[in-house]
Amino acid sequence: MRKHNFSAGPCILAPEVIAGAASAIQNFADMDLSLIEISHRDKNFVAVMDEAMALTKELMGLGDDYQVLFLQGGASLQFCMVPYNLMKAGGKAGYTVTGTWAKKAVEEAKLFGNVDILGTSSDANFNFIPKGYSVGHDLDYFHCTSNNTIFGTQMKAFPTCEVPLVCDMSSDIFSRQLDFTQFDMIYAGAQKNLGPAGATLVAVKPSILGKSGRSIPSMLDYQTHIDGESMFNTPPVFSVYTSLLTLRWMKEQGGLAAMEKVNTAKAALLYNEIDRNRLFYGTAAGEDRSDMNACFLLQDESHAEVFNALWKEAGIVGIHGHRSVGGYRASMYNALPLESVQVLVEVMQHLEKTH
Ligand SMILES: *Cc1c(COP(=O)(O)O)cnc(C)c1O
C-alpha cells in the first residue's frame, strides 16, 4: 500500500504521473530509447517542452503577453535572477518578509540595490501575513511569497501595484484559482506541486525585461531563455517531462477549479480537527492559514511519543514540523488524496479518546 505522503517537498505526485514517468524512463514515445538518453533537440522532446509551456498558460489563463520557461537552479536562483533582471542600478525594490524563503529572497536582492521591507511578521515567528501596506510607484518591482511553506501561511489576496508584481509561488502553484494576470512574473520550483526537483517554472511578461541597464550573464538573463525557448542549454528533461504529466493530470481532473475544490475540502477537514481536538492547536493566524501546509502542535508534549507511533502505524509519513516551528506540519499538495487527511484526522481523534 502506498504511504500517506504529507512531505513538504519534494512531495507526493499523482500515481498516474509516477507510472508515466517510470514508463518513459524505459521507453519514451515508442522510440525504444529512454527519455534520459536522447537529445533534448529530438522532436519528441521539443514537443514535450512546447506542450508543457502551452498547458501552463492554459491552466493559469495567461495570454500571449506571457512567456513560460523551465529553468534550473531552483526557486533559490530566482531570488537572484529577479533583482538581476528587474532592479535598476542604484534602484529599489519592495518585499514582504513572510518567512524563511522571503528572507532569503531579500538577502539576494540587497546584493543588487536597495530593498524596502513593506511588511513583515518576523516578530511573530511569521504566523500571519502582513496587510495594509501600499506599494510605491518609485519601486522597480514588488516581490511577495504566496505561500509560506515552513510557517503554514498563505496570501489570500495580493496588493494592487503599478510596478511589476513578482510572486514566489513555489508551494501553492496550481493549487487554486487566481487571476494570474495580476502578476507580471510568477516562479516556482517544480518539486512541490508539479514534478521532481530540477526544473523551475517561470511565467514572465517580456515587457518588464530589458530595463535594468545592467549587463547580465547569459544564463541569468531571462531574455536568453525566452529567445532559446527554454532550450538555450540542456533543460532538465526528466523534471520537465514529469511536470508535463502533472499538467496533463491537472487538466484531466478539471483544471485549477477542481484542484481548489479538493484542496479546500482537505484543509477544512484538518483545520476543523486541529481546532476541535483539545490535544492540539494550530500555529498560524486563522484567516491566513495555508491550504497547502498546516502547522500544528500538541498542547502537551508528553503525548508526542504515542502520537508519533500512531501516525507511523497508520502509514503516514512526512508530518514532522520544520525545526523553526516544531510540532507537526501536514503538507496537502494537489496529489494528496482526501482519504489521507481522513486517516490523519482519525489518528488525532484516537489519541484524544485514549488520553
Ligand atoms: C521550497 C521553496 C523554495 C526553495 O526552492 P528550491 O527550488 O529548493 O530553491 C523557495 N520558495 C518557497 C516558497 C519554497 O517553498
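The values are calculated or read from the model by the stated rules, or taken from the named source; none is laboratory data. Keep in mind it's a predicted model, so treat the numbers as computed, not measured. All Cβ positions, even for glycine, are placed from backbone atoms using ideal geometry, and neighbour counts span all protein chains on display. Just the protein is used for accessible areas: all its heavy atoms, side chains included, with ligands, DNA and RNA removed. Shrake-Rupley method; radii C 1.70, N 1.55, O 1.52, S 1.80 Å.
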Need pairs with beta-carbon distance below 7 Å; first residue modelled with pLDDT of 95 or more and within segment 125-141, second of a type in the set (D, E, K, R); sequence gap 6+ or separate chains. Phe128/Asp288; Ile129/Asp288; His137/Glu162; Asp138/Lys92; Leu139/Lys92; Leu139/Asp116; Asp140/Lys88; Asp140/Lys92
State whether one or more residues within segment 221-237 are within 16 Å of the ligand (Cβ to nearest atom), buried (at least 19 other Cβ atoms within 10 Å of the Cβ) and at pLDDT 95 or above. yes
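Identify, please: which residue in segment 266-302 is among the charged types (D, E, K, R) and within 22 Å of Ser121 (Cβ to Cβ) and is, among those, most open to solvent (accessible area, probe 1.4 Å)? It would help to see each step written out before you state the result.
Taking segment 266-302 as the starting set, the residues that turn out to be among the charged types (D, E, K, R) are 266, 273, 275-276, 278, 287-289, 291, 300-301.
Filter once more, keeping what is within 22 Å of Ser121 (Cβ to Cβ): 275, 287-289, 291.
Details: Asp275: 99, Glu287: 129, Asp288: 6, Arg289: 39, Asp291: 43 Å².
So, considering only residues that are among the charged types (D, E, K, R) and within 22 Å of Ser121 (Cβ to Cβ), the one most open to solvent (accessible area, probe 1.4 Å) is Glu287.
Under the condition of being assigned to a loop (DSSP other than H, G, I, E, B) and among the basic types (Lys, Arg), which residue from segment 153-201 is surrounded by the most Cβ atoms within 10 Å (Cβ to Cβ)?
Arg176
To keep it simple, each residue is scored yes or no on (1) more than 30 Å from Ala19 (Cβ to Cβ); (2) free of Cβ contacts under 8 Å to residues at least 40 places away in the same chain.
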| residue | (1), (2) |
| --- | --- |
| Ser175 | no, no |
| Thr181 | yes, no |
| Ala203 | no, no |
| His225 | yes, no |
| Asn233 | no, yes |
| Leu244 | no, no |
| Ala258 | no, yes |
Leu209 passes all but one of (1) open to solvent by 40 Å² or more (accessible area, probe 1.4 Å); (2) hydrophobic (A, V, I, L, M, F, W, C); (3) more than 16 Å from the ligand (Cβ to nearest atom); which number fails? (1)
Pick from Tyr95, Tyr66: which is away from the ligand (no atom under 16 Å from the Cβ), crowded, with 18+ Cβ neighbours inside 10 Å and aromatic (Phe, Trp, Tyr)? Tyr66
Might you let me know whether segment 10-29 holds any residue that is buried (at least 18 other Cβ atoms within 10 Å of the Cβ), of a type in the set (Val, Ile, Thr) and more than 16 Å from the ligand (Cβ to nearest atom)? yes
Residue count for segment 99-158, restricted to those that are within 21 Å of Asn263 (Cβ to Cβ) and hydrophobic (A, V, I, L, M, F, W, C): 9
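Within the group Leu59, Leu71, which residue is modelled with pLDDT of 95 or more, surrounded by fewer than 20 Cβ atoms within 10 Å (Cβ to Cβ) and within 17 Å of the chain's Cα centre (by Cα)?
Checking each option against the conditions leaves just Leu59.
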